[in-house]
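Here's the structure, in structure tokens; my notes come after.
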Amino acid sequence: MLFHRRFEHRYPRIVRGHGAYLHDDEGHAYLDAVGGAGVAILGHGLEALATQAAESMRHVSYLHGTQFTTPELEAYGERLVALAPDNISHVLLMGSGSDAVETAIKLAYQYYVGKTGTRRKRKVIATQPGYHGATGLALAVTGKPRDRLLFQGLLHEQCFVPAPDGYRRPESGEACAEALERKIVEEGPEDCLAFIVEPVIGASMGIGVPPPGYLQRVREICDRHDIALICDEVMCGFGRCGAWFASSLFDVKPDIIIQGKGMAAGLVPLSAVYASRTLVEGVHRDGGNFTHGFTFTNHALSAAIGLRVLEEVERQGLLAHVRRQGEVLRERLRELTAFSWVDDVRGLGLFCGFELVADKATRRAFPRSAKLAERVLQRAMARGGNFYFSIGYLPDGTGDSILVMPPYNVTSAELEHLVAILRDTLTDLDPEVQALSRSAA
């Protein structure tokens, strides 16, 4: 029997898909408004890409990343680096966002061991909220106490600072940057390795677009104290916000950039760690090599599929489409704020979210015991819509947001259907929520 994460959940059995739609074995259709978790960036039923992937499989089964390479692997690496900020010189391909975060932290650590001749710089500072993965190092720097709680005894303790909150604390950008600098000084710059941050925070905050100037101040602080700036773009990067790199939207050049999710459009697992020229040259100092890797690092088939996905995004001009459709989507989602408990539609490109609140004037959240975001997702699924939520991200453990991340080639008709499902779902829930608001007042 397959081990599902949710023991009591009844999973629809999907047998086919086309565009933004999935179809199960009982004849039900679902509008996949989030591509799983921002992964299916080209939608479903990708026959041409599947045929190309099968052709690549015919030639080579597996090559170890320390023994061989392929023309497509090298071409893909060159294309990715050409798209990256000009301080980036190399890219290492991995299998998941968690793998990539582990790799990024180890890369920064090896660089500073070589630079300083000591192993003191090992503390990683991260934001709370923030999400960076489920493996050891990645979970240790994930700013979601609820996720870390069970495994806390297995994790190496790291450091956290608050993330900006443009909804509840619009002025928080400068304060959060100052909190980062205080934390570095408090822990000792000689002991601090890196600051890892999502340029646009995703599922841990229901989409958090940083205030103007925040990331630039972060870059200055990292430079001043000689710690690496790692931008985790697993969810917000690779075109999701309308640009290949979300950090580039804020004129920031990180030392390391991490991407993943939709790089292979969901056909195979694929992520990437982009490294600055300074770090690569430092690791290679005196002929050294990078002492880390996984079985499927620089996997030839994943690279071949990733290259074709990149070419398809470019061929269809999808980054411009993401920007245009993102504006339309947020405009339509703002119509939902007519409900007294829906507020703050936010995002960039097709990376969108909105808040569910008990009181718009005070921006007070619903009690977590109400499980409002879960209710919205459950009712939406019953209406044929697959969405994503973010919960428990406020300091008191409350917070409910709904995320919308349709494929980059989403049609106007699919957007209209998406919003209609949400509107009908919220209408259905409204009497229950009004009663809940009165009892919580």
Give or take rounding to whole Å, what are the principal axis extents of the alpha carbon atoms in the range 150-192, in descending order?
-> 36, 30, 9
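For the range 155-228, what is Rg from Cα atoms divided by 2.2 N^0.38 Å, rounded to two decimals?
Working: Rg = 12.4 Å, N = 74, 2.2 N^0.38 = 11.3 Å.
Against the compact-globule rule of thumb, the ratio is 1.10.
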D (Stokes-Einstein, µm²/s), Kirkwood Cα radius, the chain, 0.692 mPa s at 37 °C = 145 µm²/s
How large, in Å, is the range 7-134 by the Kirkwood hydrodynamic radius built from its alpha-carbon pairs?
-> 19.2 Å
Computed from every Cα-Cα pair in the range 100-236, P(r) in 5 Å bins starting at 0 and rounded to whole percents is 2, 11, 21, 23, 22, 14, 6, 1, 0
What helices does the chain hold that run 20 Å or longer along their axis, going by alpha-carbon atoms, with a Kyte-Doolittle average of -0.5 or more, using DSSP H for the helix calls?
-> 97-116, 172-187, 300-315, 412-440
Could you check which residue among Ala163, Ala104, Ala358 shows the biggest mean-square fluctuation in a GNM of the chain with a 10 Å Cα cutoff?
-> Ala358
28 Å Cα cut-off, lysine pairs counted over the range 51-315 (separation 8 or more, or different chains) | 22
For every helix of n ≥ 4 consecutive DSSP H residues, a contribution of -39,500 (n - 2.57) applies; sum these over the chain, divide by its total residues, and give [θ] at 222 nm rounded to the nearest 500 deg cm²/dmol.
-> -12000 deg cm²/dmol
Size of electric dipole in the range 51-315: Cβ of Lys, Arg +1 and of Asp, Glu -1, about Cα centre, debye, nearest 20 = 460 debye
State the Cα centre-to-centre distance between the range 289-363 and the range 108-181 in whole Å.
-> 23 Å
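May I ask you to derive the relative contact order of the range 51-315, considering only C-alpha pairs under 8 Å and at least 6 residues apart, and to give it as an integer percent?
28 percent
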Going fewest to most other Cβ atoms within 10 Å around each Cβ, Val345, Val218, Val60, Val81 line up as Val60, Val81, Val345, Val218
The range 382-425, Cα convex hull volume normalised per residue, Å³ | 83 Å³
Three-way shape label, the range 205-355, alpha-carbon gyration tensor, a/c 1.5 = oblate
May I ask you to evaluate 6.51 cos²θ - 1.76 cosθ + 1.60, the Karplus curve with θ = phi - 60°, for each residue of the range 129-136 and list the ³J(HN,Hα) values in order in whole Hz, giving x for glycine and proline?
-> x, x, 10, 9, x, 10, 7, x
Taking the dipole of the chain about the Cα centre (Lys, Arg +1; Asp, Glu -1; charges at Cβ), the one of His321, Ser390, Pro170 that reaches farthest to the positive side is Ser390
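Bear in mind that the values in this text are calculations on the coordinates, not laboratory data. For clarity, every value in this text was computed on a predicted model and none was experimentally measured. Using ideal geometry, Cβ is built from the backbone for each residue, glycine included, and neighbour counts are taken over all protein chains shown.
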